[in-house]
1. Residue 413's amide H: which non-local residues (gap 5+, or another chain) put their own amide H closer than 5 Å, with H modeled 1.01 Å from N in plane and none for Pro or chain starts?
2. Determine the gain in length on full extension of the stretch residue 185-residue 411; use 0.36 nm per residue of separation and subtract their C-alpha separation, reporting nm with one decimal.
3. Based on the Cβ-Cβ distance of residue 166 and residue 41, what FRET efficiency does E = 1/(1 + (r/R0)^6) give at R0 = 56 Å, to the nearest 0.05?
4. For region 153-158, what does the Karplus curve 6.51 cos²θ - 1.76 cosθ + 1.60, with θ = phi - 60°, yield as ³J(HN,Hα) per residue in whole Hz, taken in order and with x for Gly and Pro?
5. Please give the contour-minus-distance gain from residue 157 to residue 77: 0.36 nm per residue of separation, less the Cα-Cα distance, rounded to one decimal in nm.
6. Measure nothing but the geometry: give the 0 to 90° angle between the long axis through the Cα atoms of 256-278 and the longest principal axis through the Cα atoms of the chain, rounded to 10°.
7. What is the set of long-range amide H partners of residue 404 at a cut-off below 5 Å, with H atoms built 1.01 Å from backbone N?
8. How far is the Cα center of region 119-149 from the Cα center of region 366-400, in Å?
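Each value in this text was obtained by applying a stated rule to the coordinates, not by laboratory testing. What you see is a predicted model; the values in this text were computed from it and never measured. Here Cβ is always computed from backbone atoms with ideal geometry, including for glycine, and neighbour counts include all displayed protein chains.
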Amino acid sequence: MQLESAVGLLAGTSWTTLLCYGVNTLAVLWLLSVLWQLCSDPLAGIPGPVYCRFSRLPYIYWVCSGQLPFRVKQLHDQYGEVFRIAPDEVQFIHPDAWKDIFGFKSQGGNEFPKDLRFYPMPPDGVRDILTADHASHGRQRRMLSHAFSEKTLREQEAIITSYIDYMVQKLRGMAAEQAGDGHALADMVKWYNYCAFDIIGDLTFGKPFFCLAESKYHPWVSTIFSSTKAGIFANNADYLPAVKWLVIAAVVALKPALVRDRWDRLKYSVARVTERLEAGTGRPDFMSRIMGEGGKAGGGGGGGGGPDLSRKELDANADLFVFAGSETTSTLLSGCTFLVLSHPEVHRRLVAEIRGRFGRPEDISFTTAQQLPYLTAVIQETFRLYPPIPVGPPRKVPEGGGRVCGHFLPKGTAVAVTQYAAGHSAANFANPESFVPERWLPDADPRFQGDRRRAVQPFSIGPRNCIGQNLAWAEIRTALIKMLWNFDAELAPESAGWIKQPVFGLWEKPPLMVNLTPREI
């Protein structure tokens, strides 16, 4: 009878009244949560904006408006080296935070696990090395490490440099076609992307995407750019569990092509991996090393922590390699090109070092590229000012709580170091907004001897640091050397403000227009 009475009462109530009841109920629940935060908040001692103590909404707004790293930097300037950005998240910029959050733990210490709310759920639910749990990560890394060893990198040098040389050849051809001008006006964001994707496609799948050959993006590559931004919006649903599925449903309904693209991207990776596995181990690419030296890969293992890398894990990691091994490298190359060309003294010194060291293009190699200290300083300074991953992928404090920079934080607290904020902080660097590669040299000006260089960790640290960082360094050094050896370069006027970009997980880069005049060889 009580149920029938309740149903009858609801049937006689207007939708407007029900909506008011719902809104009032949510308001009461929110007020109760605020009172709970005031009375028993374990993070009450952490400074930060008052509104961030009670709601994740400001954070979500900054993410969706492309302003998160810049806002984090502003709040660090206001509140210091540690501040609270959300009810359950704390941000740091002190160099010691890297060790406390991401570093190796002493015996018996618990690793700070990844905060999976930050990462999109894979279409098939299979986690790659980036997001795998502790046990699975160790197994996957052991299997994949053979593909990224120093020995393998030396064997891959001819493959990698062939695409960089092809990019130079294509750009020289563009200049030759523009008779009268003698130079090529090139969008270097595109050309660095073409080169990086062809390299990583060859190393992962045994053949390139033919971006350089066709001077355009492969459709598979285009899906990466289209899906990344949408994924950032959808990920924020995990911070709002009450409306999570409503947000996801809205994304699916409004942008069904993005969901389809993500599935198509995975299916393409699966097909290419199958094709590559059938080709055997005859060339020094990733698959050859994983299959040939890492034990059995692509079998049915992996699900229970066994020695194998399962086929689905192999597919997931191949997809990751293409994304992580291309976009970040081309972003750094684009940012470095802009910063160098925007600073004539740096440009002149870098060109003098490169052309003074190499008399012939044949002299340029991975080994000799490491012998240019000013080039290395220029790249390090670019990582500081324009990090390819400008945001701070968060970790979570493990069972029993943990200390970060002297602050004890309870289990479940999200903790992060935002790369952009750490690199631009006056607490870490003198003249933080200035592009000064000399600060990284051994004989740096006394003004920069107090710089806390450890605050910049573009490849992270600890057991989950970037497995492909040696490849990235080799590719970045070689591409910059060959471009500045082959061309006199000048930034086009329309790209003068290029570096002012929003961030949706990654930089949303506009065209970087550069005038390239080939040198006489």
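1. When sequence neighbours closer than 5 places are left aside, the close amide H contacts are 397.
2. Details: separation 226, 0.36 × 226 = 81.36 nm, distance 5.38 nm.
Length difference between fully extended and current span is 76.0 nm.
3. 0.45
4. Karplus values, whole Hz, x for Gly and Pro: 4, 4, 6, 8, 4, 5.
5. 24.5 nm
6. That helix lies at roughly 50 degrees to the long axis.
7. Placed amide hydrogens put 409 under 5 Å from residue 404.
8. Value for the Cα centre distance between the two parts: 21 Å.
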